[in-house]
Amino acid sequence: MPSRRNFLKQTSILSGALLYSGPNILYAAADDSFTYTSAYINIKLAAKSPRLNSFSVDSLGKGEFAQSPLLPVTAISNYTSKINKQTIAYYLNAGSKPVWEVKCSEKKIVLQSRYTGKDTKADPFIINISQQANHSTVLGALVADNCVKFPCLLHLPGMGTFRIHCSEPGVTLFYDAYRFHSAGEKGDPFVKAAFSPADARTPNITYTLEVVSIYPDLKGIADNPMLDGVRRNFINIFQLNPRIKVLANNSASDACTFTLYLYAEMARRTPELADGLTAMDLIRNTLDIYLNGFKGYGQVGYFYLNKYGWLSRFDSSDSSPSLVIAACYYILDSKDTGWAAKNYQGIRQWADKMIATDTNKDGIIEYGHTGNSGSWNMKPFQRPANWWDSIGFGHDDAYSNALAYRAASLLAEVAKKLEKEQDSIYYADFASKLKGAYYNHFINPETGVLAGWRSADGKLHDYYFTFVNAVAVCYGLLTDEQGRQVMQNMLQKMKEVGYINFKMGLPGNLVPVPPQDYAHHDKRWGYGVKPDGLDGFQIYENGGATACYAYFTIKALYDVGLRKEADNIFLPMMESFKEGGFEGHCEGSDYTKDWKTWDGKCWGYEGFLVDNYLSFLVVYDWHNNQK
């Protein structure tokens, strides 16, 4: 079973929270450690070795500290320490000079390492985080295996972010993450950052960890407690997997090719991460890996760490569009024409592969499986056409075609900027043809909304897919009148079926997908054996509530002028993000909060699924629609 199906228990980030009670200095505690607390930082340092016993951060400076997510680090001997106000010094082998000094201030932790001689090789300073307690990540440029260039970030979702600088340009940060999922593997899932000690070549190194909060500088965000979740977590969508070197579901999970465009959507509107480091740099670095031949989940040939892979004979229909969109966003936003010229042919190959699937030349790209009702009994098991990979999307997939239109339109613009006029005309013509065919091809006159797919036998498969209709509106495939009508029809259906708890996000579909149209025949993943599929409804992708793809529905409502209706979804979701409502596991359950039934029962598996956090991008639309 792919790791997108492997669940993790995750400790609630809010359970056992500590509250800052006032200013403090580093002081000796009863448990043989030194404690420092400010409104931003709450740490305990071991007295007998340079390591952390406890570690928490509140990037908003409200003194709201979650339980420490640290895993134990093997005890180190031969150290002594001295404390002086906000500084603790560690001496090795009774040396006269400290090999590590840790200095704390309100928003900073400064680590200074000194080389004191060949007989005093110091240990690295390690931050070893339980991934089940906090799905942390390091964000930066991976310049070699497990080596991240400074400056970089250490981001702890629900808690905050450290921006990390190093005084020596040749030094890198060790970074690793793993979640143990195969038979015979043991251990605790971890995210580890290790700061190298000084040596003879680099005798003095200073690392500065500064608490920051990265979010858009928009009026009404900084002083609005309701949006605290946005300010702490705006960059949650960016998780770098150090073992495969690309942005992924989380720092120890799969890279999904068909989600890279989501990360790029967010990166376009994300403030600078650090001097010389932007979110778009993370997109470019990931694209470089794909352009070099890497395959992600959704592409034939993907095998995560040689353990499991994408189970289909065909690339998903949304994989190539996702790559093209992400690349075009990078080029158009960064204006990096050098990178564009170097990689244009690779990007064009993705686009041409996408267009080549339109085998009947009707302007609509196609998936290799028919999508016919009852066709998903094939063995070995095969995945359907897109991200919603338990539902039987096949043949002409409305969601993937919306992405294909976006991809072709953007590539036409990029080609024009690179003075490739014939290519620009070619991609623009394909986009125009697709748009011209789209509405009539997918609209269901009986419901007034777009169906999910039209199968090879010509049948429309319509289960009131919220994301399909919303993406089509957001990416300009419908007229203003058509867009408003389908969104009104979707809201009316939502009212009829009684979905009202928007704190849980939105269902991907509002009515059950019956067994003949469900690809994954396991109730755990939403399959129902009853003819109407009700026994699988609200489980996982079959109508389960999630923040994934909710962004498009809210934005589409703003775009068509239904502002109140958009606010009614957006604001409860932001309250839930503030409370950690889409990460971790439900109390007493092995399942996680990224998917829920409409009454709140958990059916998630990742514990932290970055796709949820594109929803933060709605703050721009919300801000623009305030009176």
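Here are some notes:
- Residue ID - surrounded by the fewest Cβ atoms within 10 Å (Cβ to Cβ), chosen from residues in segment 287-323 that are among the hydrophobic types (A, V, I, L, M, F, W, C) and over 17 Å from D389 (Cβ atoms): L305
- Subset tally (residues that are under 25 Å from P203 (Cα atoms) and surrounded by fewer than 24 Cβ atoms within 10 Å (Cβ to Cβ)) for segment 129-141: 1
- Strands (runs of 3 or more DSSP E) contained in segment 83-158 and holding at least 1 residues of a type in the set (V, I, T): 87-92, 100-104, 108-114, 125-130, 137-139, 142-144, 147-149
- When D145 is tested against (1) over 19 Å from G276 (Cβ atoms); (2) touching a helix residue (DSSP H, G or I) at 6+ places or on another chain (Cβ under 9 Å), exactly one condition is not met: (2).
- Among the residues listed as K530, K564, the single one being surrounded by fewer than 24 Cβ atoms within 10 Å (Cβ to Cβ) and part of a loop (DSSP other than H, G, I, E, B): K530
- Answer from T208, T202 - the residue that is in the same structural domain as K118 (by TED's automatic domain parsing), over 23 Å from S253 (Cα atoms) and not in a loop (DSSP other than H, G, I, E, B): T208
- Residue count, segment 439-454 (criterion: buried (at least 23 other Cβ atoms within 10 Å of the Cβ) and either acidic (D, E) or in a loop (DSSP other than H, G, I, E, B) (or both)): 2
- Within segment 87-121, the residues that satisfy the criterion of being of a type in the set (K, R) and in contact with a Leu (Cβ under 9 Å, 6 or more places away or on another chain) are K103, K108, K121.
- Selection count, segment 216-237, where residues are among the aromatic types (F, W, Y) and either surrounded by fewer than 22 Cβ atoms within 10 Å (Cβ to Cβ) or assigned to a helix (DSSP H, G or I) (or both): 0
- Applying a threshold of 9 Å to beta carbon distances and a minimum spacing of six or more residues, or different chains, the list of pairs starting in segment 256-267 at a residue that is within 16 Å of S615 (Cβ to Cβ) and ending at one that is modelled with pLDDT of 95 or more and part of a strand (DSSP E or B) reads T259/L247; T259/Y297; Y263/L247.
- Pick from segment 174-188, criterion part of a strand (DSSP E or B) and either under 21 Å from S213 (Cα atoms) or under 20 Å from the mean Cα position of the chain (by Cα) (or both), ranking: modelled with the lowest pLDDT: Y178
- A437 being modelled with pLDDT of 95 or more, in the same structural domain as L260 (by TED's automatic domain parsing) and under 30 Å from the mean Cα position of the chain (by Cα): no
- V300, sole failed condition from (1) assigned by TED's automatic domain parsing to the domain that holds R383; (2) out of contact with any Lys or Arg (no Cβ under 6 Å at 6 or more places or on another chain); (3) among the hydrophobic types (A, V, I, L, M, F, W, C); (4) part of a helix (DSSP H, G or I): (4)
- Residue count for segment 483-524 under the criterion of being of a type outside the set (S, T, N, Q) and assigned to a helix (DSSP H, G or I): the result is 18.
This table checks each residue for (1) closer than 21 Å to L227 by Cβ; (2) crowded, with 22+ Cβ neighbours inside 10 Å.
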position	(1), (2)
Y540	no, yes
A547	yes, yes
L557	yes, yes
F582	yes, yes
C586	no, no
Y591	no, no
W598	no, no
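- Residue satisfying all of: in segment 270-326; among the aliphatic types (A, V, I, L, M) and at pLDDT below 95; nearest to I244 (Cα to Cα) among these: L305
- Single unsatisfied condition, A340 versus (1) in a helix (DSSP H, G or I); (2) of a type in the set (G, A, S); (3) in contact with an Asp or Glu (Cβ under 7 Å, 6 or more places away or on another chain): (3)
- Here T202 fulfils each of the conditions (1) of a type in the set (V, I, T); (2) farther than 18 Å from I43 by Cβ; (3) in contact with a strand residue (DSSP E or B) (Cβ under 8 Å, 6 or more places away or on another chain) apart from (3).
- Selection from segment 91-122 of residues that are more than 33 Å from the chain's Cα centre (by Cα) and either surrounded by 22 or more Cβ atoms within 10 Å (Cβ to Cβ) or among the acidic types (D, E) (or both): L92, P98, V99, W100, E101, S113, D119, A122
- First in segment 527-544 and farther than 19 Å from T592 by Cβ, second anywhere and surrounded by 15 or more Cβ atoms within 10 Å (Cβ to Cβ) and of a type in the set (A, V, I, L, M, F, W, C), Cβ under 6 Å, 6 or more apart: G533/V513
- Taken as a whole, the structure places K85 among residues that are out of contact with any Asp or Glu (no Cβ under 7 Å at 6 or more places or on another chain) and closer than 29 Å to R163 by Cβ.
- Evaluation of F34 against (1) over 23 Å from T137 (Cβ atoms); (2) outside any strand (DSSP E or B); (3) at pLDDT below 95 (one fails), failing number: (2)
- Number of the condition not met by E481 [criteria: (1) on the phi > 0 side of the Ramachandran plot; (2) surrounded by fewer than 18 Cβ atoms within 10 Å (Cβ to Cβ)]: (1)
The values are calculated or read from the model by the stated rules, or taken from the named source; none is laboratory data. Keep in mind it's a predicted model, so treat the numbers as computed, not measured. Using ideal geometry, Cβ is built from the backbone for each residue, glycine included, and neighbour counts are taken over all protein chains shown.
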